[in-house]
């Protein structure tokens, strides 16, 4: 074959051809009569193989019969579900080994040294390890331990995002709402403070009607 010139008359497939399945060509073909679809039923009709994934013929599908876990799509379950938040963590031990004393630590500097992957995701400084160098650290978030270690070493901390205020769980909020509805509200520290004396102007206005009456 290598010596022969390639032309349309001597072309041959690289592998043997496989005949397509021809249905409805008589009982002798092996795929006649019902064409391999069997007797009646949904799957014997035209268009029956275009059903969406998970369709079970109209009965309650499996993904609806199974019990669901609570909180996977709840805001109280953060960072689970669609409200998930992502941060890139960098420990203070990495700052100790990769930066000199007095250096400015920024997300760009962390990216240049390969400590983070990209600048699109927030950076959070974590407190694992020891830090003895004075560094000026700028990041989106800081853990309490990391903030304490950086400031104790003489460095500064600049948070690009405000730390979220701690929120109570849904159960605690419900209990507090029931107490407010029942009138059982714990006293606040402001309730124990004495009321300030009335202003002298108010006293003068109160004495004026009494003098007129006399």
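Every number in this text was worked out from the coordinates using simple rules, so none of it is lab data. Fair warning: this is a prediction, and the values are worked out from it, not measured in the lab. Because the Cβ atoms are built from the backbone with ideal geometry, glycine has one as well, and the counts that use them run over all protein chains shown.
Quick notes on this one:
- Computed on the Cα trace of region 95-159, the radius of gyration divided by the Kirkwood hydrodynamic radius gives Rg/Rh = 0.92.
- Maximal additional length on extending the residue 161-residue 184 stretch stands at 4.6 nm, based on 0.36 nm per residue less the C-alpha distance.
- Distance between modelled label sites at residue 66 and residue 43, nm, 7 Å Cα→Cβ extension: 2.2
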